[in-house]
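Undergrad: Please find one structure pasted underneath; my questions will follow.
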Amino acid sequence: MRDHHDIVIVGGGVIGLTIARALALRGVRNVCVLERGNLGTEASWAAAGMLLPQVEADAQDDFFDLACRSRDLYPAFAAALREETGIDVELDTTGTLYLALNQHDHEEIEKRYEWQTRAGFQVERLSGAEARELEPCISESTLGALRFPKDIQVENRRLLSALANSVKKLGVTILTQTTVDSLLLEGNRVDGVQTSRGAISCASVVIAAGSWSTFIKPSPPIPTIEPVRGQMVCLEAKPQLTRHVIYSPRGYLVPRQDGRLLAGSTSEHAGFAKCVTAGGIATILRNALDISPGIAELPMVDTWAGLRPRAPDGLPVLGPCGEIDGLFCATGHYRNGILLAPLTGELISEAIVSSQR
Ligand SMILES: Cc1cc2nc3c(=O)[nH]c(=O)nc-3n(C[C@H](O)[C@H](O)[C@H](O)COP(=O)(O)OP(=O)(O)OC[C@H]3O[C@@H](n4cnc5c(N)ncnc54)[C@H](O)[C@@H]3O)c2cc1C
């Protein structure tokens, strides 16, 4: 007899866990998350936790709308997780400063300010002096800045702990150290999965396996997901250097409540080599020093790298995989998986529940 679960989720990162929780909250029983290693130890752990749809948008398109909707779910999402688990995910609503450190940046922030104010989004324009008054640590050569009060940050590692805790309490089965090798199909519908611990039968499968999503056999009918390496540097700032997230087109600084100050990142096509390199760290530190020369004195306490899952068009791959009944995908979140997690959970759980009606 094979093990049976109604719904199997492949991957225990922020996306797989958020979908599992959303399904359980909709009353779906017998959900199982299968994770190759340990929960939340890949891209979701490596991330900076910035929730910045407005900072990063050049125009109002469907992706921008999706990203803003997900960001705006965060206060309720964080409060519910705290209620369920007692874990504070440290949603920090101070906001983000986007700095112009040269003439080109200045033209960019002018364009961003124009279209976002015209479209009714909240954004404040500051002179260099005003920005430095707000955050004295930033470079004296700051030409100007935009303040985005609604673009905020979350402590993504605490978020993963809260999600793992929540799904366990909600009765989701979690199997770690379990790799899904292939889908078991009955004609053109899902019948189960073959794993490193044997077969599991199920009616629906959600592929949320990040950068490894297209390795599952037969390859799901979705675009190939590729890894884009991002390296990070962690400094120690006690007292903390900045209250806002500080962003420039070349790098960022993210202050954590416990005194860590994250500096990121790189975007590298280096296959699955999840290592930190001398060149990567040098680039991050150069850009971070441009933002805030004062960080030169801070101790560097950690470095790490992670693999962002990217589809060829850079957009997330979400929803039913038309060709195979019972197969759903939630992958390709690239640079925005933490931001998009709450909405992904809502959309995928709704799609699964309505397919079963
Ligand atoms: C340096 C860096 C900074 C970032 N900063 C931000 C940020 O500030 N804001 C933001 O929104 N996003 C950020 N991101 C992006 C974000 O981290 C990702 O988009 C997000 O974590 C993707 O989540 P995921 O669950 O799809 O993937 P992952 O977290 O990679 O999880 C996928 C899981 O699937 C498991 N798995 C894979 N194959 C199998 C299999 N066959 N069987 C079982 N399990 C399997 C893996 O072990 C892994 O645990 C950043 C990423 C990096 C690397």
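Undergrad: Regarding Gln177, is this residue under 30 Å from Arg36 (Cα atoms), open to solvent by 60 Å² or more (accessible area, probe 1.4 Å) and either touching a Lys or Arg at 6+ places or on another chain (Cβ under 8 Å) or free of Cβ contacts under 8 Å to residues at least 12 places away in the same chain (or both)?
TA: For Gln177, the condition - under 30 Å from Arg36 (Cα atoms), open to solvent by 60 Å² or more (accessible area, probe 1.4 Å) and either touching a Lys or Arg at 6+ places or on another chain (Cβ under 8 Å) or free of Cβ contacts under 8 Å to residues at least 12 places away in the same chain (or both) - is met.
Undergrad: Okay, next question. Under 8 Å by Cβ, and 6 or more places apart or on different chains, what pairs join a residue from region 74-100 that is closer than 15 Å to Arg157 by Cα with one that is surrounded by fewer than 14 Cβ atoms within 10 Å (Cβ to Cβ) and of a type in the set (A, V, I, L, M, F, W, C)?
TA: So the pair list comes out empty.
Undergrad: Looking only at residues that are over 21 Å from Ala57 (Cβ atoms) and touching a residue at least 60 places away in the same chain (Cβ under 8 Å) in region 101-139, which one is most open to solvent (accessible area, probe 1.4 Å)?
TA: Among them, the one singled out is Leu134.
Undergrad: Quick check, is Leu253 more than 10 Å from the ligand (Cβ to nearest atom), within 24 Å of Glu56 (Cα to Cα) and in contact with a strand residue (DSSP E or B) (Cβ under 7 Å, 6 or more places away or on another chain)?
TA: Judged against the criteria, Leu253 is a match.
Undergrad: Taking region 330-357, which residues are closer than 21 Å to Arg26 by Cα and either within 15 Å of the chain's Cα centre (by Cα) or of a type in the set (Asp, Glu) (or both)?
TA: Once the filter is applied, which keeps residues that are closer than 21 Å to Arg26 by Cα and either within 15 Å of the chain's Cα centre (by Cα) or of a type in the set (Asp, Glu) (or both), region 330-357 yields Ala330, Leu340, Ala341, Pro342, Leu343, Thr344, Gly345, Glu346, Glu350.
Undergrad: When you go through Ala330, Ala341, Ala288 one by one, which is the residue that is in a strand (DSSP E or B) and crowded, with 17+ Cβ neighbours inside 10 Å?
TA: Every option except Ala330 fails the conditions.
Undergrad: Further, regarding this structure: Specify the residue that is surrounded by the most Cβ atoms within 10 Å (Cβ to Cβ); the eligible residues are those in region 10-27 that are within 16 Å of the ligand (Cβ to nearest atom) and over 21 Å from Gly306 (Cα atoms).
TA: Ala20
Undergrad: Can you find, within region 140-156, the residue that is farthest from Ser248 (Cα to Cα) among those that are within 25 Å of the chain's Cα centre (by Cα) and open to solvent by 30 Å² or more (accessible area, probe 1.4 Å)?
TA: Top of the filtered list is Lys150.
Undergrad: Pull up region 184-199, narrow it to residues that are hydrophobic (A, V, I, L, M, F, W, C) and open to solvent by 10 Å² or more (accessible area, probe 1.4 Å), then point me to the one that is farthest from Gly11 (Cα to Cα). Spell out how you get there, then give the answer.
TA: Here is the first cut: in region 184-199, the residues hydrophobic (A, V, I, L, M, F, W, C) are 184-185, 190, 193, 199.
Next, only the ones that are open to solvent by 10 Å² or more (accessible area, probe 1.4 Å) stay: 184-185, 199.
Numbers: Leu184: 17, Leu185: 19, Ala199: 16 Å.
Of everything passing the filter in region 184-199, Leu185 is farthest from Gly11 (Cα to Cα).
Undergrad: Check whether at least one residue in region 125-140 is farther than 26 Å from Pro239 by Cβ, out of contact with any helix residue (DSSP H, G or I) (no Cβ under 7 Å at 6 or more places or on another chain) and among the charged types (D, E, K, R), and report yes or no.
TA: Taking every residue of region 125-140 in turn, none turns out to be farther than 26 Å from Pro239 by Cβ, out of contact with any helix residue (DSSP H, G or I) (no Cβ under 7 Å at 6 or more places or on another chain) and among the charged types (D, E, K, R).
Undergrad: Tally time: how many residues in region 192-236 are near the ligand (Cβ under 10 Å from one of its atoms) and assigned to a loop (DSSP other than H, G, I, E, B)?
TA: 5
Undergrad: Quick one: which residue in Glu323, Glu268 is under 30 Å from Ser141 (Cβ atoms), acidic (Asp, Glu) and open to solvent by 10 Å² or more (accessible area, probe 1.4 Å)?
TA: Residue meeting the stated conditions: Glu268.
Undergrad: Also, I was wondering about something else. Is there a residue in region 217-230 that is at pLDDT below 95 and open to solvent by less than 20 Å² (accessible area, probe 1.4 Å)?
TA: yes
Undergrad: Follow-up question, since we're still on this one. Just checking, how many residues over region 131-164 are small (Gly, Ala, Ser) and more than 16 Å from the ligand (Cβ to nearest atom)? I'd like the intermediate steps shown before the answer.
TA: Kept after step one, since they are small (Gly, Ala, Ser), are these residues of region 131-164: 131, 139, 141, 144-145, 161-162, 164.
Filter again for more than 16 Å from the ligand (Cβ to nearest atom), leaving 131, 139, 141, 144-145.
Count: 5.
Undergrad: What about Pro309, is it within 30 Å of Ser201 (Cβ to Cβ), crowded, with 21+ Cβ neighbours inside 10 Å and out of contact with any Pro (no Cβ under 8 Å at 6 or more places or on another chain)?
TA: no
Undergrad: Look at region 28-65 and say how many of its residues are surrounded by 21 or more Cβ atoms within 10 Å (Cβ to Cβ), among the small types (Gly, Ala, Ser) and within 6 Å of the ligand (Cβ to nearest atom).
TA: Counting residues in region 28-65 that are surrounded by 21 or more Cβ atoms within 10 Å (Cβ to Cβ), among the small types (Gly, Ala, Ser) and within 6 Å of the ligand (Cβ to nearest atom) gives 6.
Undergrad: Output yes when any residue across region 245-262 is over 30 Å from Arg132 (Cβ atoms), part of a strand (DSSP E or B) and either open to solvent by 60 Å² or more (accessible area, probe 1.4 Å) or out of contact with any helix residue (DSSP H, G or I) (no Cβ under 6 Å at 6 or more places or on another chain) (or both), and no when none is.
TA: The answer is no, given that none of the residues of region 245-262 is over 30 Å from Arg132 (Cβ atoms), part of a strand (DSSP E or B) and either open to solvent by 60 Å² or more (accessible area, probe 1.4 Å) or out of contact with any helix residue (DSSP H, G or I) (no Cβ under 6 Å at 6 or more places or on another chain) (or both).
Undergrad: So the check is Cβ under 6 Å with 6+ separation or different chains; which pairs have a first residue in region 267-287 that's farther than 20 Å from Ala43 by Cα and a second one that's charged (D, E, K, R)?
TA: Asn287/Arg250
The values are calculated or read from the model by the stated rules, or taken from the named source; none is laboratory data. Because the structure is predicted, anything quoted here is derived from the model rather than measured. Cβ: placed from backbone, ideal geometry, glycine included. Neighbour counts: every protein chain shown. Ligands, DNA and RNA are excluded from the accessible area calculation, which covers all protein heavy atoms including side chains. Shrake-Rupley method; radii C 1.70, N 1.55, O 1.52, S 1.80 Å.
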